[in-house]
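The values are calculated or read from the model by the stated rules, or taken from the named source; none is laboratory data. What you are looking at is a predicted structure, and each value in this text was computed from that prediction instead of being measured. Glycine also receives a Cβ, built like all others from the backbone with ideal geometry; neighbour counts cover every protein chain displayed.
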Amino acid sequence: MKRAAAVVAVAATIVLTGCAAGVDELRVTIDGVMVTAEQAATPETQREGLSGRDSVPEGTGMWFPIEPAQRTEVWMQETRVPLDVVWIREGRVTGVVTLQPCSSDPCPREASPGVVDAILEAAAGTFDNVATGAAVDVTRSTP
């Protein structure tokens, strides 16, 4: 029974994140700021995140669905550029923090400000003027 529930949960996650439809980007708008975000839908892509990149172009980022909703952490291990991290719960911003690159081992971890169901990362400064409680609008990019 538990195995069947796990299979259903994984299948639902794949469908909800767009992998089954071949869609790998989302348009995320917060307080008038739009970012085209890659999805980090697997544990591997979530672990890697934006690390190892020399830049994150303006207007781009990465979306991390968190299922089930929970307290979580991010870290900047081997990340080369400063990033804004937007914590999200039920379509609303619960916090925004700017993190600096880290090449030490271990890197400090930044805890979410409570239970979240998504994280959005973008270049530092992208969400400077976004306040807690702002609405998050997510739509699928057209291929």
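Comparison of GLN77, GLN100 shows that the only residue that is loosely packed, with under 13 Cβ neighbours inside 10 Å, touching a residue at least 24 places away in the same chain (Cβ under 8 Å) and more than 19 Å from ILE30 (Cα to Cα) is GLN100.
THR60 meets all of the listed conditions (1) of a type in the set (Ser, Thr, Tyr); (2) within 22 Å of ASP128 (Cβ to Cβ); (3) modelled with pLDDT under 90 but one, namely (3). The residues of region 68-91 include none that are farther than 21 Å from PRO106 by Cβ and at pLDDT below 95. Taken over region 80-119, the criterion of being basic (Lys, Arg) and more than 14 Å from PHE64 (Cα to Cα) is satisfied by ARG80, ARG92, ARG109. Just to be sure before I move on: is GLY52 crowded, with 16+ Cβ neighbours inside 10 Å and either modelled with pLDDT of 95 or more or not in a strand (DSSP E or B) (or both) in the structure I sent? When the stated conditions are applied, GLY52 does not pass them.
Yes/no per residue for (1) within 20 Å of VAL56 (Cα to Cα); (2) polar (S, T, N, Q):
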residue: VAL74; (1), (2): yes, no
residue: GLN77; (1), (2): yes, yes
residue: VAL93; (1), (2): no, no
residue: SER112; (1), (2): no, yes
residue: GLU121; (1), (2): yes, no
residue: ASP128; (1), (2): yes, no
residue: ALA131; (1), (2): no, no
residue: ALA135; (1), (2): no, no
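Among the residues of region 23-36, not a single one is in contact with a Leu (Cβ under 9 Å, 6 or more places away or on another chain), under 22 Å from SER141 (Cα atoms) and among the charged types (D, E, K, R).
If the condition is being touching a residue at least 60 places away in the same chain (Cβ under 8 Å), in contact with a Phe, Trp or Tyr (Cβ under 8 Å, 6 or more places away or on another chain) and of a type in the set (A, V, I, L, M), then region 29-50 contributes ILE30, VAL33, ALA37. Within region 23-49, the residues that satisfy the criterion of being within 16 Å of ILE66 (Cα to Cα) and exposed (fewer than 14 other Cβ atoms within 10 Å of the Cβ) are THR42, PRO43, GLU44, ARG47.
Mind checking which residues of region 61-74 are crowded, with 17+ Cβ neighbours inside 10 Å and either of a type in the set (Lys, Arg) or under 12 Å from GLU121 (Cα atoms) (or both)? Answer for region 61-74, where residues must be crowded, with 17+ Cβ neighbours inside 10 Å and either of a type in the set (Lys, Arg) or under 12 Å from GLU121 (Cα atoms) (or both): GLY61, MET62, TRP63, PHE64, PRO65, VAL74.
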